[in-house]
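The structure appears below as structure tokens.
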Amino acid sequence: MKSLKEAYGDWALITGASSGIGEVFCRKLAAAGMNVVLVARRKDRLDKIAKELNDEHSIHTRVVCADLSDEEETKTVVGAVDDLEIGLLVNNAGILNTGNFLDNDLEDEIRLININCKSYIILTHGLGNKMKERNKGALIFLSSLTAVSAISRWANYAASKGFDLQFAEAIDAELKDYNIDVMALCPGLTHTELVKISKFNNPMTMNADVVVDNALNKLGKTNLLVPGLMNKINFFSTRINPRLLNTKIFSSVVKSTQESNLK
């Protein structure tokens, strides 16, 4: 079986690389021998991770600081790697707003869409076209278990992850003839800063290393990955349940878990 470097080339680009699943992707890909471009806002954090990767794995890194909620800044990321052949793009950056939608700040909700959806479109278009020209590459889209249901208090977030899932599946169908592997990665609760900020945690929360290992092992073998047995059961049960029931179940879990964590 080909290594990731043999399959996709020397360079990977990961958004949201300063923590959580994005940071783990950087570390795993560097350990596999790929050079990595780390994209996020926190330069000090990115520089620290990049130095560690250089020292531990003797690979090349490039730090690109960008606020992916800003369309123009996101477009500069493509230009910042124009001299590199990015063979693997991990669209990982994401934020979550919790609370009733009408009570939330409108700018925060627009920012969520820009990061969770628009940045994926811009980077996929810019870097995916170059992969298509080379007839080689891979795209990973961080969706979520929440992509399959509407969820009150997470209305915009769940909708954005549903967009990511369907966008990834459609892109996969379009790129079948160009030797480009596409995956929609749909983890459930994972130990990340996002979970801490949302005050959402329970014993089923997975380790980010497990999620990323699953993704890299299955890349090129499936276009949809839901890590964890219980997550798979929950994900595919929504295809049987009425949509209203799915919304009630997911919304109830979010509400009850957040309330218990605030006590």
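Laid out as a table, the results:
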| item | result |
| --- | --- |
| Residue ID - surrounded by the fewest Cβ atoms within 10 Å (Cβ to Cβ), chosen from residues in region 21-51 that are under 13 Å from the mean Cα position of the chain (by Cα) and of a type outside the set (A, V, I, L, M) | Glu23 |
| Residue, surrounded by the most Cβ atoms within 10 Å (Cβ to Cβ), within region 1-20, restricted to residues that are in contact (Cβ under 8 Å) with a residue 12 or more places away in the chain and assigned to a loop (DSSP other than H, G, I, E, B) | Ala17 |
| Residue identified as more than 22 Å from Gly9 (Cβ to Cβ) and without any contact (Cβ under 8 Å) to a residue 60 or more places away in the chain among Ile122, Ile95, Ile110 | Ile110 |
| Matching residues in region 220-242 - criterion: being aliphatic (A, V, I, L, M) and either part of a loop (DSSP other than H, G, I, E, B) or more than 18 Å from Asp164 (Cβ to Cβ) (or both) | Val226, Leu229, Met230, Ile233, Ile240 |
| Members of region 52-79 found to be touching a strand residue (DSSP E or B) at 6+ places or on another chain (Cβ under 6 Å), crowded, with 17+ Cβ neighbours inside 10 Å and over 25 Å from Ala184 (Cβ atoms), listed by number | Leu53, Ile59, Thr61, Arg62, Val63 |
| First in region 205-219 and part of a loop (DSSP other than H, G, I, E, B), second anywhere and modelled with pLDDT under 95 and surrounded by 21 or more Cβ atoms within 10 Å (Cβ to Cβ), Cβ under 8 Å, 6 or more apart | Thr205/Leu189; Thr205/Thr190; Asn207/Thr190 |
| Selection from region 117-157 of residues that are in a helix (DSSP H, G or I), within 30 Å of Ser256 (Cα to Cα) and touching a strand residue (DSSP E or B) at 6+ places or on another chain (Cβ under 9 Å) | Ala147 |
| Residues of region 203-254 satisfying the condition of being surrounded by 15 or more Cβ atoms within 10 Å (Cβ to Cβ) and of a type in the set (D, E, K, R) | Lys218, Lys232, Lys248 |
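The values are calculated or read from the model by the stated rules, or taken from the named source; none is laboratory data. Remember, predicted model here, so these are calculated numbers, not experimental data. Cβ atoms come from the backbone with ideal geometry, glycine included; neighbour counts cover every protein chain shown.
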